[in-house]
Amino acid sequence: MHIVLYKPDIPQNTAAIIRLGACLNLNIHLIEPCGFNLNDSRFKRVVMDYAGLSKIVRHNSFESFKKKYKKSRIVLMTTKAKKLYHKFKFKKNDMLLFGKESAGVPEEIHKILKNKIKIPMNKKTRSLNVAMSVAIVASEALRQNNLLKWLHLNLEKK
């Protein structure tokens, strides 16, 4: 399972997602530019030593990411979607794309992606924290593909 962060701009959120990735065996993709330096003390404080346990791939642009994974299914998480995440059928190698915290993804990316889903929320609110969104959706995607059981069984062998 792959988590893709589009130009993340809050170091603590990115660090928390990388940490989640290490714990749940998720591949983390960062589409540059990030809005902070990976040496940022706020990032380091949250990520701790989990960066070394994570599978992190950095991409110079969305175009280079899309070209490299042209055969992969990209699923955009957006508050503008109609389909709810828990009614979506995830595949094991989905690329779950989460937008920049301050602005989401540009309209041109919305236009080219077919699969768009959202987390249902109180209508009085705008959005969830991106790290929370990643945790919610990744858990459901892993559950649907029986990957949490696989992770648990691999841990028991050690």
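The values are calculated or read from the model by the stated rules, or taken from the named source; none is laboratory data. From a predicted model like this one, the values you see are computed outputs, not experimental measurements. Cβ sites come from the backbone with ideal geometry, for glycine too, and all protein chains shown count toward neighbours. SASA here: full protein model, heavy atoms, side chains in, ligands and nucleic acids out. Shrake-Rupley method; radii C 1.70, N 1.55, O 1.52, S 1.80 Å.
Can you sort Lys123, Lys111 by solvent-accessible area, 1.4 Å probe, largest first?
Lys123, Lys111
Of Ile109, Ile119, Ile18, which is the most mobile in a GNM of the chain whose springs link Cα atoms less than 10 angstrom apart?
Of Ile109, Ile119, Ile18, the Gaussian network model singles out Ile109 as fluctuating most.
Measure off 7 Å from each Cα along the Cα-to-Cβ vector at Ser102 and Arg126, then give the distance between these two points in nanometres to one decimal.
The two pseudo-label positions are separated by 1.2 nm.
Counting only heavy atoms of the protein chains, get the accessible area per residue of the stretch 21-125 (1.4 Å probe) and round it to a whole Å² value.
The answer is 63 Å² per residue.
Please check: in the Gaussian network model of the chain (C-alpha springs, under 10 Å), which one of Thr125, Thr79, Thr14 has the largest mean-square fluctuation.
The residue that fluctuates most here is Thr125.
Report, to the nearest whole %, how much of the accessible area of the chain belongs to carbon and sulfur atoms, 1.4 Å probe, protein only.
Accessible surface attributable to carbon and sulfur in the chain totals 52 percent.
Specify the residue with the greatest mean-square fluctuation among Pro11, Pro106, Pro33, computed from a Gaussian network of the chain linking alpha-carbon atoms under 10 Å apart.
Sorting by GNM fluctuation, first place goes to Pro106.
Got the relative contact order for the chain handy, in percent, Cα pairs under 8 Å and 6 or more residues apart?
28
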